[in-house]
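The values are calculated or read from the model by the stated rules, or taken from the named source; none is laboratory data. The model shown is predicted, which means the values in this text are computed figures rather than measured ones. FYI the Cβ positions are ideal-geometry reconstructions off the backbone, even for glycines, and counts take in every protein chain you see. The protein model used for the area step is the full one, side chains on, heavy atoms only, and it has no ligands, DNA or RNA in it. Shrake-Rupley method; radii C 1.70, N 1.55, O 1.52, S 1.80 Å.
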Amino acid sequence: MSRIGRMPIAVPAGVTVDIAENNQVTVKGPKGTLTRVLPAEMDIKLEGDQVVVTRPNDLKRMKSLHGLTRTLINNMVVGVTEGYAKKLEVNGVGYRAAKQGKKLTLNLGYSHPVEMEDPEGIESTVEGNVITVSGIDKEKVGQYAAEIREKRQPEPYKGKGIKYADEVIRRKVGKTGKK
């Protein structure tokens, strides 16, 4: 049995989970609503205040889908109750981030400022050199944070660029002159 897949998902008070045909799961909570179609092979049941995912057989594909399905439902429940956030740091002389309405403007040493529009359901805030991306969908939050980081990835010599707050950049020593 999958260690992750067999764990039941506790549904907190104020959260409703609806399971329609074709395994379309809708989770409603205080922060919003998330809907996702999950693999049809998995058997998803709501038992009291818990969601239980079971697999039909022990084929390799079913084993891998078992844990995935359970984790996706759990991420939806956590998203509508607490939400997700990722912090990014902008490091470098003259590198700046600014926010106007739904538009994020980044000055990253290019000849032009890079402008990004917040996707639907995702919010970004700027405090000094820290950009916080938050929302209820874990996948969208991570994707938007990755897109921001991609505009100027941290480089190993001076450490300039956009990095995740918990990311460690392996620094390299520069060239040495002739003797």
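Consider a paramagnetic label point 7 Å from the Cα of E123 along Cα→Cβ; state which residues of the stretch 11-54 have an amide N under 15 Å from it. Residues passing the 15 Å test: 30-33.
When +1 charges are put on Lys and Arg Cβ atoms and -1 charges on Asp and Glu Cβ atoms, the dipole computed for the stretch 1-46 relative to its Cα centre reaches about 260 debye.
When only DSSP loop residues count, what GluC sites (Glu not before Pro) in the stretch 122-179 have their Cβ near at most 14 other Cβ atoms within 10 Å?
Taking the stretch 122-179 and a limit of 14 other Cβ atoms within 10 Å, the loop GluC sites (Glu not before Pro) found are E167.
Note: the stretch 129-179, Cα convex hull, 86 Å³ per residue.
Heavy atoms only, probe 1.4 angstrom, no DNA, RNA or ligands counted: give me D58, D118 ranked by accessible area, highest first.
The ranking, largest first, comes out as D58, D118.
Relative to the longest principal axis of the Cα atoms of the chain, helix 60-81 runs at roughly 70 degrees.
Note that the stretch 5-16 has calculated 3J(HN,Hα) couplings of x, 7, 6, x, 9, 6, 9, x, 5, x, 10, 10 Hz, one per residue in order, obtained from phi through the Karplus relation 6.51 cos²θ - 1.76 cosθ + 1.60 (θ = phi - 60°); glycine and proline are x. Helix 138-150 and the longest principal axis of the Cα set of the chain meet at an angle near 20°.
Excluding residues on the same chain fewer than 8 positions from K60, give the aspartates and glutamates whose Cα lies under 15 Å from its Cα. Straight-line reach from K60, under 15 Å: E41.
For the stretch 139-179, which whole percent of the accessible surface, found with a 1.4 angstrom probe, sits on carbon and sulfur atoms?
Numbers: 1540 of 3290 Å².
Of all accessible area on the stretch 139-179, carbon and sulfur atoms account for 47 percent.
In order along the stretch 30-45, phi translates into HN-Hα couplings of x, 8, x, 10, 10, 10, 8, 8, 9, x, 5, 5, 6, 9, 10, 10 Hz, rounded to whole numbers, per the Karplus curve 6.51 cos²θ - 1.76 cosθ + 1.60 with θ = phi - 60° and x for Gly and Pro. Its Cα gyration tensor gives the stretch 96-137 an equivalent ellipsoid. The semi-axes, each the square root of 5 times an eigenvalue, are 19, 11, 8 Å from largest down.
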